[in-house]
Amino acid sequence: MACLSSSRLCARVQDKLMCQFGPKVRRQTVFVKLKPPGPSPLRIFGKTCQRVTTCGPACGSAGGGAVAGAARRLASSLQSTSTGSLPDYGTQIVDPYRLLEDDLNGIYEDIRSELERNTNQPELNTIATYYFDGQGKALRPMVTTLMARAVNYHVYGENSALLPTQRQVAMISEMIHSASLIHDDVIDQSDFRRGKPSVNVLWNHKKVAMAGDFILAVASMMIARLRSDEVTLVLSQVVTDLVQGEFMQLGSKETENERFAHYLTKTYRKTASLIANSVKAVALLSGADENTCELAFQYGRNLGLSFQLVDDLLDFVSSAQAMGKPTAADLRLGLATAPVLFACEKYPELNPMIMRRFQEAGDVEKAFELVHKSRGLEQTRFLARKHGVEAARLAAELADSPYQKGLVVTTDLVLNRIK
Amino acid sequence: MPESSTCNVSLRVFSSWSDVSAGQREELDWRNVVTEAEQIVGYPTSFLNLRWLLNDEIANTAIHLRKLVGTNHPLLKSAKNLLIGSKSNLQSVGLIILLVSKAADLPHNMMDQHTSGVLHTQRALAEIVEMKRTGHMIHKTMANLKEKEKHGDKYKDLLYGNKIVLLTGDYLLAMCLKGLGGLRNAEVTELISTGLRDLVEGDFLGERDDENNPLPSKPKASNDLNVRYQWESEDNLGKLGSNDYLGRGKDEWLLRTMLTSGSLLGKGCQGAMKLARRGEQMERDGYILGGHLAIIWQLYLDVRDFFTHPYSYSLVGAPVILAIWEYPTVYSYILEAKLEKRPIEYKQLYYAVRATRSLEYLTLLLEDEMAAILKISDRFPVDDARNAIQKMALTIHDETLQYIE
């Protein structure tokens, strides 16, 4: 989420972007800092916006011509971003994080309290709450809550509220995600995550594994307390998928075609499944019909795939500082992601490197270079965009609401982030 | 005590405790007790662990595991115990849950969903609890790799071993969650999930040495009788006990035991009662019965460990903990070793413990537990299953006494 700090749509001109993308000329992602006229508060669909002076027109409908005009300029500048044109949002620009500010507020605190409530041991508490400091992107809770609200609106109309159970799902999704990160850090032996030492650097493997289990146990308790068999099955599927995805990463496939299919399945399991099933869960809790639940699922699936593809792309183009962790990380781990798999087409010498997992001296550097020389990055971006567009298309089938717009905007945010 | 698998023991079914007297009691061979119990519930639990072995992921894991052969990875030592039956192994956990399930009888409207008096859902639960315990145990075998240099060449292998261990454990825990979902009983899911939470809590309880092995806590001075750990009556969905019990001898030991085994076994039994809709009283009884069985089992393990490994027994086992409580100066062995950063003098501690009345208290505790088990299991109506449970407990009880005497 390039330009979004914890909860607002602020303006920043991203000079850095120009350097990162090398010879290809890129349009900058520009967001404009705007001051709406007058001190009167703006309203979106009955919700009053606070802190209006510092941000752009996240609040839509009311407010007058000047704001609408500014909004259109904003919309048009959004459209000029690198991944190509997306539908005009009209005069209502939506920032999902701001939109859900009240809902998302305190989500990390609530997770931490839930964990704290379940142990008497300070060390366990410290390790378990390490990644819930609010420094993460909070993408999963945000998307989950967004979909919950959008589906609630779709089913019940304007006066629908976020159900407490749906908020729990948002928390659960973040907890499952963190538990898997904690375990992944052990497997990948990563040193840094989110700009601070990763959890396995500070504590030994056993304690870290246990802490991950603890988070999972508490998340399972929370899932059970939702008292919905359907939702339990849907969310437990996520955990299975995560593990199977990790197992897939340990193995490898022979032929190129198999490899790509393998990569996509693995990507679904490791990333998209959590998002897809979380949004499906909130749709179920909303009481939506089967079609809507399936729509939510497919939205999540496409968004998740798009997200991961961009992640894989960023590993090749971003800087260590921006990412919060070192780059070319995937290659160093021996992982062949989409850019590499695409690059194989032009540079078959990558094939043996993939098979030996870039273990030989110089493999990582050579592969990195070849990927940049090939069309791999472009093709990855294209695929990411394809999934993003599909997700946006699905979201558009829900009833009009700021949340539905938010879902569409999110697909854009995922595509345009720099970290 | 040698296990004699060729021993041909004829077993009598006791209809009540009064039939059994010291003279009449025959030596019950553990394996026979288990086999008979298995027959009663109609399920060969010795195969319980093999089913998931036939799954793809685990087959892959086996391939990865082979690479560990020749390394010192702790998993290899534990693997033998995980697959082959022994008195200290996990399979009996599933068996006990099945026995308690049968012993509690079934409601009339569920008569079509069982085999041998155990509901299919109860069988599934027994397997889930076994898997949960196995998954957690596997995670416990992770090697401590903090000091890379210590391991030298072996470091890479140990790291790889840790990865496999982590994934395999995760796989089992994921299967558990899926299995619980399939039972379509949210209360049971919640209950068993708290069981996993308690297992992890047990791993962090109290003081630890550099290798993360548990150490006894410093004994507390007051003899405040109000502070007794009442595990039978606490709300077991919330966290168990509190750190206040550390340093209080029996209470510390009870808390640790409940966390590391009692909770899961007890909740497994309680969950089985829930699935059969036996009502709140029976659910509580199930939990209490499971808890006491775990306690007596742990007593046996601790005593056996103390007497058969006089140079490496667990420092938080019952003999040591009770000794420290009775005679706080015994704690100095632990404290001095910690402060002077040297290994514990196991042999001297051994004699120090034996010099106290620790073993006497242990015997009392053993008798108390046996009595509690008999009392609570007598509330379960189905004869053969109930007797099998009592026989198992009795066997454990007797063998423990054998060590002490």
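The values are calculated or read from the model by the stated rules, or taken from the named source; none is laboratory data. Computed from a predicted model, the values in this text were never measured in an experiment. Cβ: placed from backbone, ideal geometry, glycine included. Neighbour counts: every protein chain shown. Remember, those area values only see protein heavy atoms, side chains included, never the ligands or the DNA or RNA. Shrake-Rupley method; radii C 1.70, N 1.55, O 1.52, S 1.80 Å.
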task: Could you figure out which of (1) more than 8 Å from chain A (Cβ to nearest Cβ); (2) open to solvent by 20 Å² or more (accessible area, probe 1.4 Å) isn't true of B:Asp198?
output: (2)
field: Subset of the range A:245-289 (residues that are under 21 Å from A:Val186 (Cα atoms), in a helix (DSSP H, G or I) and within 14 Å of chain B (Cβ to nearest Cβ))
entry: A:Gly245, A:Glu246, A:Phe247, A:Met248, A:Gln249, A:Leu250, A:Lys266, A:Arg269, A:Lys270, A:Leu274
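Here's the yes/no breakdown for (1) surrounded by fewer than 23 Cβ atoms within 10 Å (Cβ to Cβ); (2) more than 17 Å from B:Ile373 (Cβ to Cβ); (3) at pLDDT 95 or above:
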{"site": "B:Gly271", "(1), (2), (3)": "no, yes, yes"}
{"site": "B:Glu283", "(1), (2), (3)": "yes, yes, yes"}
{"site": "B:Leu293", "(1), (2), (3)": "no, no, yes"}
{"site": "B:Leu301", "(1), (2), (3)": "yes, no, no"}
{"site": "B:Asp305", "(1), (2), (3)": "yes, yes, no"}
{"site": "B:Thr308", "(1), (2), (3)": "yes, yes, no"}
{"site": "B:Thr329", "(1), (2), (3)": "yes, yes, no"}
- request: Look through the range A:341-356, keep the residues that are in a loop (DSSP other than H, G, I, E, B) and under 30 Å from the mean Cα position of the chain (by Cα), and return whichever of them is farthest from A:Phe316 (Cα to Cα).
  value: A:Glu345
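Per-residue answers, yes or no, for (1) touching a Phe, Trp or Tyr at 6+ places or on another chain (Cβ under 9 Å); (2) among the polar types (S, T, N, Q); (3) open to solvent by 20 Å² or more (accessible area, probe 1.4 Å):
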site: A:Gly334; (1), (2), (3): yes, no, no
site: A:Ala343; (1), (2), (3): no, no, no
site: A:Lys346; (1), (2), (3): no, no, yes
site: A:Leu350; (1), (2), (3): no, no, no
site: A:Arg357; (1), (2), (3): no, no, yes
site: A:Ala361; (1), (2), (3): no, no, yes
site: A:Gly376; (1), (2), (3): yes, no, no
site: A:Phe382; (1), (2), (3): no, no, yes
message: Under 6 Å between Cβ atoms, which residue pairs at least 6 apart in sequence (or on different chains) link something in the range B:337-355 that is modelled with pLDDT of 90 or more with a partner that is surrounded by 15 or more Cβ atoms within 10 Å (Cβ to Cβ)?
response: B:Leu349/B:Tyr333; B:Ala352/B:Val330; B:Val353/B:Pro319; B:Val353/B:Val320; B:Val353/B:Ala323
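Have a look at B:Gly152, B:Gly94 and point out the one that is under 27 Å from B:Ala393 (Cα atoms) and either out of contact with any Pro (no Cβ under 9 Å at 6 or more places or on another chain) or within 14 Å of another protein chain (Cβ to nearest Cβ) (or both).
Working: B:Gly152 fails: under 27 Å from B:Ala393 (Cα atoms).
Of B:Gly152, B:Gly94, the one residue that is under 27 Å from B:Ala393 (Cα atoms) and either out of contact with any Pro (no Cβ under 9 Å at 6 or more places or on another chain) or within 14 Å of another protein chain (Cβ to nearest Cβ) (or both) is B:Gly94.
State yes or no: is B:Ala186 open to solvent by less than 10 Å² (accessible area, probe 1.4 Å), without any contact (Cβ under 8 Å) to a residue 12 or more places away in the chain and of a type outside the set (S, T, N, Q)? Show your work before the answer.
Numbers: open to solvent by less than 10 Å² (accessible area, probe 1.4 Å): no; without any contact (Cβ under 8 Å) to a residue 12 or more places away in the chain: yes; of a type outside the set (S, T, N, Q): yes.
No.
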task: For the range B:159-183, enumerate the residues that are within 8 Å of chain A (Cβ to nearest Cβ), open to solvent by 10 Å² or more (accessible area, probe 1.4 Å) and closer than 26 Å to A:Asp185 by Cβ.
output: B:Leu159, B:Lys163, B:Asp170, B:Met175, B:Lys178
message: I'd like to know if the range A:130-153 contains one or more residues that are away from every other protein chain (no Cβ under 14 Å) and farther than 30 Å from A:Asp412 by Cβ.
response: yes
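Among the residues of the range B:203-251, count how many are at positive phi and either touching a residue at least 40 places away in the same chain (Cβ under 8 Å) or in contact with a strand residue (DSSP E or B) (Cβ under 9 Å, 6 or more places away or on another chain) (or both).
Kept after step one, since they are at positive phi, are these residues of the range B:203-251: B:206, B:212, B:241, B:247, B:249.
Then drop every residue that is not either touching a residue at least 40 places away in the same chain (Cβ under 8 Å) or in contact with a strand residue (DSSP E or B) (Cβ under 9 Å, 6 or more places away or on another chain) (or both), which leaves B:206, B:212, B:249.
Count: 3.
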- request: Read through the list (1) more than 11 Å from chain A (Cβ to nearest Cβ); (2) open to solvent by less than 20 Å² (accessible area, probe 1.4 Å); (3) without any contact (Cβ under 8 Å) to a residue 24 or more places away in the chain, then give the number of the only condition that B:Leu254 fails.
  value: (3)
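Residues are listed down the side, and each one gets a yes or a no for (1) open to solvent by 60 Å² or more (accessible area, probe 1.4 Å); (2) touching a Leu at 6+ places or on another chain (Cβ under 8 Å):
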| position | (1), (2) |
| --- | --- |
| B:Ala318 | no, yes |
| B:Ala323 | no, no |
| B:Ile334 | no, yes |
| B:Leu339 | yes, no |
| B:Ala352 | no, no |
| B:Leu365 | no, yes |
| B:Met370 | no, yes |
| B:Asp383 | yes, no |
| B:Glu399 | no, no |
query: Somewhere in the range B:117-130, is a residue open to solvent by 30 Å² or more (accessible area, probe 1.4 Å), closer than 26 Å to B:Arg197 by Cα, hydrophobic (A, V, I, L, M, F, W, C) and at pLDDT 90 or above?
result: yes
- prompt: Across the range B:184-195, which residue is nearest to the other protein chains (Cβ to nearest Cβ) among those that are touching a Leu at 6+ places or on another chain (Cβ under 6 Å) and within 19 Å of A:Ala211 (Cβ to Cβ)?
  reply: B:Thr194
- request: Taking B:Asn236 as meeting all but one of (1) facing another protein chain (nearest Cβ under 8 Å); (2) open to solvent by less than 30 Å² (accessible area, probe 1.4 Å); (3) modelled with pLDDT under 95; (4) under 26 Å from B:Thr121 (Cβ atoms), write down the number of the exception.
  value: (1)
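Find the helices (runs of 4 or more DSSP H) located wholly in the range B:96-202 whose residues include 2 or more that are in contact with a strand residue (DSSP E or B) (Cβ under 9 Å, 6 or more places away or on another chain), and list them.
B:120-140, B:154-183
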